[in-house]
1. Sorted by mean Cβ packing within 10 Å, highest first, what order do the peptides 556-563, 404-411, 353-360 take?
2. Label ASP215 and GLU356 with points 7 Å out from Cα along Cα→Cβ: what is the distance between them in nm?
3. Counting alpha carbon pairs within less than 8 Å and at least 6 residues apart, what relative contact order, in whole percent, applies to the stretch 111-187?
4. With the cut-off at 26 Å, tell me which of the pairs LYS36/LYS63; LYS296/LYS461; LYS39/LYS364; LYS63/LYS319; LYS279/LYS304 have Cα atoms farther apart than that.
5. Run the numbers for SER137 and ASN543: contour at 0.36 nm per residue of separation, minus the present Cα-Cα distance, in nm.
6. So for the stretch 200-323, averaging the separation of alpha carbon pairs under 8 Å that are six or more residues apart and normalising by length, what relative contact order in percent results?
7. Along Cα→Cβ, 7 Å out, is where each label goes; now give me the distance between the ones at ARG455 and ALA380 in nm to one decimal.
8. Report the calculated FRET efficiency for ASP604 and ALA57 (r = Cβ-Cβ distance, R0 = 51 Å), to the nearest 0.05.
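Throughout, read-outs are computed from the coordinates displayed, never taken from laboratory work. What you see is a predicted model, and the numbers here were worked out from it, not measured in a lab. Glycine also receives a Cβ, built like all others from the backbone with ideal geometry; neighbour counts cover every protein chain displayed.
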Amino acid sequence: MADTLEFNEIYQEVKGSMNDGRLRLSRQGVIFKNSKTGKVDNIQASELAEGVWRRVALGHGLKLLTKNGHVYKYDGFRESEFDKLSDFFKAHYCLELLEKDLCVKGWNWGTVRFGGQLLSFDIGEQPVFEIPLSNVSQCTTGKNEVTLEFHQNDDAEVSLMEVRFYVPPTQEDGVDPVEAFAQNVLSKADVIQATGDAICIFRELQCLTPRGRYDIRIYPTFLHLHGKTFDYKIPYTTVLRLFLLPHKDQRQMFFVISLDPPIKQGQTRYHFLILLFSKDEDISLTLNMNEEEVEKRFEGRLTKNMSGSLYEMVSRVMKALVNRKITVPGNFQGHSGAQCITCSYKASSGLLYPLERGFIYVHKPPVHIRFDEISFVNFARGTTTTRSFDFEIETKQGTQYTFSSIEREEYGKLFDFVNAKKLNIKNRGLKEGMKQSYDEYADSDEDQHDAYLERMKEEGKIREENANDSSDGSGEETDSSFNPGEEDDDVAEEFDSNASASSSSGDGDSDHEDKKPAKKAKIVKDRKPRKKQPESKKGKDPNAPKRPMSAYMLWLNASREKIKSDHPGISITDLSKKAGELWKAMSKEKKEEWDRKAEDARRDYEKAMKEYSVGSKADSHKGERSKKKKKKQEKQVKGKGDKKGATSKSSSSKSPAKGMSDSFKSKEFVSSDESSSAESKKEDSEDEGAASPPPSSEDSASGSD
């Protein structure tokens, strides 16, 4: 017989919801890893007290009871797996796997039995339903009634919120059956009651999610957030992980508490509690316990009197009470030296921290993605600019996260980090021999060393060194101070008094090298007329032959209607996906048929293209000839016009009497009240007339005629 049994797609019933995951049975015990949260339940073989096999809604289920009263339920087994499980339990756990079916009579009266953490409602010997008492949030009593209220389950579409039991009166004196029922429930229920004093209180802490300032009261079993409008009581059992993350500005720290189930504020669910601290804020803390109790409970992890940075005190107290390691950023360093990357997620800017076993994004909305749930990552070009890129992560469940607007300089560092963690990069492919090194059943929080503890030790050493340096009195300023009076100005500016003095001191001082001439005024040159923009490229000729389609596109055009009829109401994107799948699954012979059609279409296109190119060349030659002819004609017309203008100028200079007459005005006539620019033009024309040689007698004779 095998030493281990493994089952995929098994569902664990937790607080009324079914969480899928992987179940492994071994000689040492039973291990279940939740696919959604990564949480691992480990039941030792020595703790198992009873195993029950029964028919449930999702096939068949396995219920395990431990000696300390805890109950674990796993559904999703097939009926054929009973024999295999039964033999395994006998061989390795020395337990008989019992078969017990639920009662389906539909009666609403029976007997209530309390066993461990379960309330079982039975009819005869068969159970009708079972209620885990840890799901009960409140228990109230009436005359002959007991009402149980339950925690709301966010993962389920419909949640059971209340059950009422009618308890008939009994003849026994001195025992109230209603009170006895209520006490049995309250002893095991998850009803948070603030009894006694808090161990310590942190006042007015800045909270990003939920937003506001809250007083945090630390109790032995739960955390109490007290704000102006909302109060939250968070049991330590609901805390999954703790993170301590330095802000990019190196002046603030994020302390993140991951919760499952989340806290609720109206319809909003908060899976993460994020606190923001300033590194400069210090506190002296005194625990509300005597030293013996502190030593006995925390075993040296906490002391009665502590002092230090506020974020250190909060994280230290939480670590001791929750009994979980604090996750800090690993060895990653970005382009700017920070341990995070600035990016955007869902239109909000935030920080992405690459950790040793995952990624976490803060703060709106917070996202934590473990490496073992990542299917692949992808580096994509930015949609708006080439100065940035997008980092996409797709999980094995099909959820996609896109972190956009990452600076281009961060690409090399992030790519090296992803490569070192052996994650599958989509646009490069999985390298040979590069396999996931994550244990399927390992807890994502189990590290070989406590990174937070190592960091605290390093910071302590740095503080001691700084204290020693300050005590030596060697605290000198490293930055040179700016003394404008002590430095000589090398260049005399236009607004300097020295500049005008040096320029007006005469030519005698111009030989001295010490004095420099004042800046010359800029000469504004006449702007040249702008060159004509080149004509825009000609558009596509509508008469040109169309490019031939590929074999796939020919097949798709022929098969589109058939796919639509087989899948009525299919969208365009789904249709293209479906067509791709059908084409991929098509046999080689059928594809060759469409390849031949595509080849024929290509030949026809090449033939048509040759004919078109010959015709277009002939047209272009004709067009060039007509253009040249047109230009020639324009030049001739222009030459005639210039000749005409020259003769008119000479005639006007020879006969001023005609120019002065009121009866005749030439085209170039300008009135006396025009601007000076017209006068200057007139003077230029007179100069030109004076400079030109005198006309011959023949010319004058022809002019007089």
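1. Ranked from most to least packed, the peptides come out as 353-360, 404-411, 556-563.
2. Here the modelled spin labels are 3.8 nm apart.
3. Relative contact order, the stretch 111-187: 21 percent.
4. Listed pairs above 26 Å: LYS296/LYS461; LYS63/LYS319.
5. 138.4 nm
6. RCO, the stretch 200-323: 20 percent.
7. In this crude spin-label approximation the distance works out to 3.1 nm.
8. Using R0 = 51 Å, I get an efficiency of 0.25.
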